[in-house]
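Peer 1: Have a look at this one before I ask anything.
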Amino acid sequence: MDFMVKNDLEFAQFKNMSGFPELFHVVTTRTGGVSPQPFSSLNLGGNTGDSEAHVRKNYQLLSRALDIDLQTVVSSHQVHGTDLAIITEAPLRSCPFPAAHALDGYDGFITAVPGIPLMVRVADCVPVLLYEPDRKVLAVVHAGWKGTAGGIASRAAVLMMEHCQCDVKKIRAGIGPSIGPCCYEVRQDVADRFSNAAGKNRFLMPEAAENVFSLDLQEANRQQLIESGLEPGLIELSWLCTACNSNLFFSHRGEKGKTGRFALIAGLRC
Ligand SMILES: [Zn+2]
C-alpha cells in the first residue's frame, strides 16, 4: 500500500487501484483526529467507549479531508455475517454521524452508482476492496474470522458477476491491514470453521501448543478470491498487521479490546 497525508490525516491506499480516476478509496489510520487515549486519535467507531462528540468531530475532519458528504456515505451496523447489500441509491435515512447507521446486519456493500461512498469499519478484521474497472462496479467488505470462514469476499465477487455483469478476470482486489498470523492465535473451534484442514493450506498453521493455530486472514481471503476465479496478479495484500502496527491502526486484540475503529471508504466519483 501507499501512504499519503491530507489535512494532517494519514491514509493508506492500494497501489493496484490507483490507475482509475473514477474510483476513490482510502484506508484511514489513527492519525489526525481528536480522540484521547485509548482511542487516539481518528476513531471512527461509535460504540467503542469514546465520546460521541469526539467521533462526530473525527467524521467531520474525514469529510473535509476527503471532500465527501457524510450524508451520502453507506454503512451498516456490522454483525460478522456474510450478507451484502447492493446499493442503488443514496441512503434514505442519512447518517451524518455514521454510528447511527442507515442499515443493519450487512458486512459488505456493492455499488455501480457514482456519488455513494461505501464504508466498513475494522480493528483487526480485514477490510477488502473489489473493483471491476470495465463495469465500474466496486465492493467493500468487512471480513473478520467469521466473515472469512463464511467466504464473504468471494460472495461479493459472485454478486458482482451475477448481478452487475462483472468479468471475474477483471476484478481487482485490495486486502487491507488486519491482525496478522504473527499475532493471531486461534483454537480448534475457530480452525474447524475453515474448510481445509490445518497444515494443508497457507493460512492456518499449527503452533507448538496442542490445538493452537495461527490464522492468516489476509491470505485466507486471497485464496478464496483466487478460488472464485480472480487473477492472482490483480490481488494486492497489504501484509500490514494491525497489532504490530498499533501506532498506525486500531487493533482490538493488540489493545485488549479498548480501542477505536478505522475504516475502508471507497466510491465512484460523480
Ligand atoms: Zn503482528
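The values are calculated or read from the model by the stated rules, or taken from the named source; none is laboratory data. Model, not experiment: these values are computed from the prediction. Note: ideal-geometry Cβ built from the backbone for every residue, glycine included; neighbour counts use all protein chains shown.
Peer 1: Looking only at region 1-29, which residues are more than 15 Å from the chain's Cα centre (by Cα) and buried (at least 23 other Cβ atoms within 10 Å of the Cβ)? Working first, answer last.
Peer 2: We begin by selecting, within region 1-29, every residue more than 15 Å from the chain's Cα centre (by Cα); these are 2-10, 15-16, 18-23.
Result: no residue meets the conditions.
Peer 1: Could you say whether any residue in region 164-171 is touching a strand residue (DSSP E or B) at 6+ places or on another chain (Cβ under 8 Å), in a loop (DSSP other than H, G, I, E, B) and of a type in the set (Val, Ile, Thr)? Show your work before the answer.
Peer 2: Step one: list which residues in region 164-171 are touching a strand residue (DSSP E or B) at 6+ places or on another chain (Cβ under 8 Å), which gives 164, 166-167, 170-171.
Those left that are additionally in a loop (DSSP other than H, G, I, E, B): 166-167, 171.
This time we only want the ones that are of a type in the set (Val, Ile, Thr), so: 171.
Yes, the conditions are met somewhere in region 164-171.
Peer 1: Please verify whether region 245-258 includes one or more residues that are among the hydroxyl-bearing types (Ser, Thr, Tyr), surrounded by 19 or more Cβ atoms within 10 Å (Cβ to Cβ), within 15 Å of the ligand (Cβ to nearest atom) and under 21 Å from Met17 (Cβ atoms).
Peer 2: Checked region 245-258: no residue is among the hydroxyl-bearing types (Ser, Thr, Tyr), surrounded by 19 or more Cβ atoms within 10 Å (Cβ to Cβ), within 15 Å of the ligand (Cβ to nearest atom) and under 21 Å from Met17 (Cβ atoms).
Peer 1: Name the one entry in Asn43, Asn58 that is at pLDDT 95 or above, within 18 Å of the chain's Cα centre (by Cα), more than 24 Å from Arg172 (Cβ to Cβ) and of a type in the set (S, T, N, Q). Full working, then the answer.
Peer 2: On the way: Asn58 fails: within 18 Å of the chain's Cα centre (by Cα).
Being at pLDDT 95 or above, within 18 Å of the chain's Cα centre (by Cα), more than 24 Å from Arg172 (Cβ to Cβ) and of a type in the set (S, T, N, Q) holds for just one of Asn43, Asn58, which is Asn43.
Peer 1: Hey, another quick one. If you check Ala208, Ala143, Ala220, Ala149, which single one turns out to be surrounded by fewer than 18 Cβ atoms within 10 Å (Cβ to Cβ) and over 23 Å from Glu22 (Cα atoms)? It would help to see each step written out before you state the result.
Peer 2: Numbers: Ala143 fails: surrounded by fewer than 18 Cβ atoms within 10 Å (Cβ to Cβ); Ala220 fails: surrounded by fewer than 18 Cβ atoms within 10 Å (Cβ to Cβ); Ala149 fails: surrounded by fewer than 18 Cβ atoms within 10 Å (Cβ to Cβ).
The conditions single out Ala208.
Peer 1: Let me ask another. Which of the residues that make up region 174-194 are within 16 Å of the ligand (Cβ to nearest atom) and either of a type in the set (Phe, Trp, Tyr) or assigned to a loop (DSSP other than H, G, I, E, B) (or both)? Step through it out loud before you land on a result.
Peer 2: Initially, region 174-194 is screened for residues within 16 Å of the ligand (Cβ to nearest atom), giving 175-186.
Those that are within 16 Å of the ligand (Cβ to nearest atom) and either of a type in the set (Phe, Trp, Tyr) or assigned to a loop (DSSP other than H, G, I, E, B) (or both): Gly176, Pro177, Ile179, Gly180, Pro181, Cys182, Cys183, Tyr184.
Peer 1: Search region 245-265 for residues that are over 12 Å from Ser178 (Cβ atoms) and part of a strand (DSSP E or B) and pair each with any residue that is more than 16 Å from the ligand (Cβ to nearest atom) and β-branched (Val, Ile, Thr) when their beta-carbon atoms are under 7 Å apart and the residues are at least 6 apart or on different chains.
Peer 2: Between residues of region 245-265 that are over 12 Å from Ser178 (Cβ atoms) and part of a strand (DSSP E or B) and residues that are more than 16 Å from the ligand (Cβ to nearest atom) and β-branched (Val, Ile, Thr), the close pairs are Ala263/Thr28; Ala263/Val120; Ile265/Val26.
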